[in-house]
1. Compare the peptides 392-399, 292-299 by average per-residue count of other Cβ atoms within 10 angstrom and give them in order, highest first.
2. If you average the sequence gap of Cα pairs under 8 Å that are 6 or more apart and divide by the length of the chain, what percent do you get for the contact order?
3. DSSP loop (so not H, G, I, E, B), at most 11 other Cβ within 10 Å: list which GluC sites (Glu not before Pro) in region 92-164 pass both filters.
4. Along region 206-217, what does the Karplus equation 6.51 cos²θ - 1.76 cosθ + 1.60 (θ = phi - 60°) give for ³J(HN,Hα), rounded to whole Hz, x for Gly and Pro?
5. Using a Debye calculation, one point per C-alpha and no hydration shell, please list log10 I(q)/I(0) for region 245-322 at q = 0.14, 0.21, 0.24, 0.25 Å⁻¹ in order.
6. For region 69-223, what is the Kirkwood hydrodynamic radius in Å, using each pair of distinct C-alpha atoms?
7. Using only the heavy atoms of the protein chains and a 1.4 Å probe, how would R203, R287, R59 rank by accessible area, largest first?
8. Percent of alpha carbon pairs in the chain separated by more than 35 Å?
Amino acid sequence: MPSSSRRCSGLIYSLHNNMKHFSACLVFLFVFSVIAKAEDAVTRSPAGVAGEIKSELHRNLGLWYPRTLDIERGGFHTDFRRDWSLSPYKTKGIVAQSRLTWTAAEAALRQPGNWKDSMTPVVKHGTEFLREKMWDHECGGFYWEIDADGTPPTENEEMKHAYGISFAIYGLARSYELTQNPADLEAAKAAFQWLDRFGHDARFGGYIEAFYRDGRPMLTPPEKRPYQTRGKVGELLGTKSMNTHIHLLESFTALYRVWPDETLRSRLEELLLIASEKIATWPGAMRQFFRNDWTAAATYVSFGHDVETAFLLLEAAETLGRPDDPNVLTLARSMVDHSLEFGWDETHGGFYDEGATFGHAWSTKKVWWAQAEGLNGLLVMHKYFGKEDPRYYSAFIKQWNFIRRFIIDDKYGGWVSQVDADGLDRRRPNIRDMDNAPELGKASLWKTSYHECRALINVLEILESITGEKP
């Protein structure tokens, strides 16, 4: 056979072979696409998503409790590695202790058929530690941090902070709803009264945030600690923060439900107004830090806090008897819309961390708590505006798919701390196989069950109301 014929024959054979492979690929892609569409149809069904959410909620709660209970010393363990093995720690903080108590009470109250019997002892265990160990029996107020064995600090320069006191109120108020233990309510009331006495700003509204142990405002660095220029949420001493005040709004809402005190109502109304008119600004973003008179500093936008606050505003308004307040609804929607426009990853799903009010996000990492708050915020917007605007549910599905794929740890369960924008870490391609990577850690003084469990419980209830049945 001439060489040209052999070449032609070889080319024909090669083309035939390639076409067979190409056809096989087409068949595979077709089958994959059918499966993907079928899975997508199930996933996009509220009933299908509700089943997934419920399964993840129960698995998540089962990982946190009773594992976190410190039976010997009281309270909760707060440091766990990726594989849920306990990591050594030296202190217990008011934020983690309160949040772990609150989550247990929330699960018992809102998922009673599954969790009330097992969570009620957990709640009692948590509130006892808050009342007996985290409360300063000499000066009043809650410590920010104590030794892991329960030994409190003694120096007056040791900072107390409104953010931490707020979460103690939040946990105790919710626990009282479950246990009806009057000691829990009295502790929550005492915390509010201490904070209001030493911290309320009668002239401009809101609260001073940092205090000496004896309750005096810490407006400048302590004499013995000149290097301590900031408070516990990054604010300069003597200033006010968005972060503290939105959580005061949250905790005062919880306390008012069980203690309808007139002073408390007045402060709750004040915080709702401050959040709406001082902290939030056009076109639906929140500023971070403020002088005493609420003059805002030029700072950044935290997309997770914005979508979280949209929910907290609606929750506060409902507690005050205004469940469909049009001004609050409009503001809440604008905050979610702004985050969708500037902080949302349309390609992968998920909310970025931080950015400018207008423009691209400059911190594109995705932190677990912001993804949880985004999941909740998007479905809340669908609840109110879904009939006129389908994008909230579409984004909710994309958000849930991102969480399922990248935030939920498919190896050990639980939610990892943070991931890159696309869910992977290009600098450390094998990170998903590493058990000690800090980014994949499960618990710390700041990372607890609070954000994801609250989001999952809220989302499950909304989905159940849409479907009209429990999965």
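1. In decreasing order of mean packing, 392-399, 292-299 become 392-399, 292-299.
2. Reported relative contact order: 16 percent.
3. Passing both the DSSP loop test and the Cβ count: E138, E155.
4. Per-residue couplings from phi come out as x, 9, 4, 10, 10, 9, 5, 4, 7, x, 5, x Hz.
5. Values, matching the q order: -0.45, -0.92, -1.12, -1.18.
6. Evaluated on region 69-223, it is 16.1 Å.
7. R203, R59, R287
8. 34 percent
The values are calculated or read from the model by the stated rules, or taken from the named source; none is laboratory data. Keep in mind it's a predicted model, so treat the numbers as computed, not measured. Counting neighbours? That spans all protein chains shown, and the Cβs are built from the backbone with ideal geometry, glycine included. Heavy atoms of the whole protein, side chains included, go into the accessibility calculation; ligands, DNA and RNA do not. Shrake-Rupley method; radii C 1.70, N 1.55, O 1.52, S 1.80 Å.
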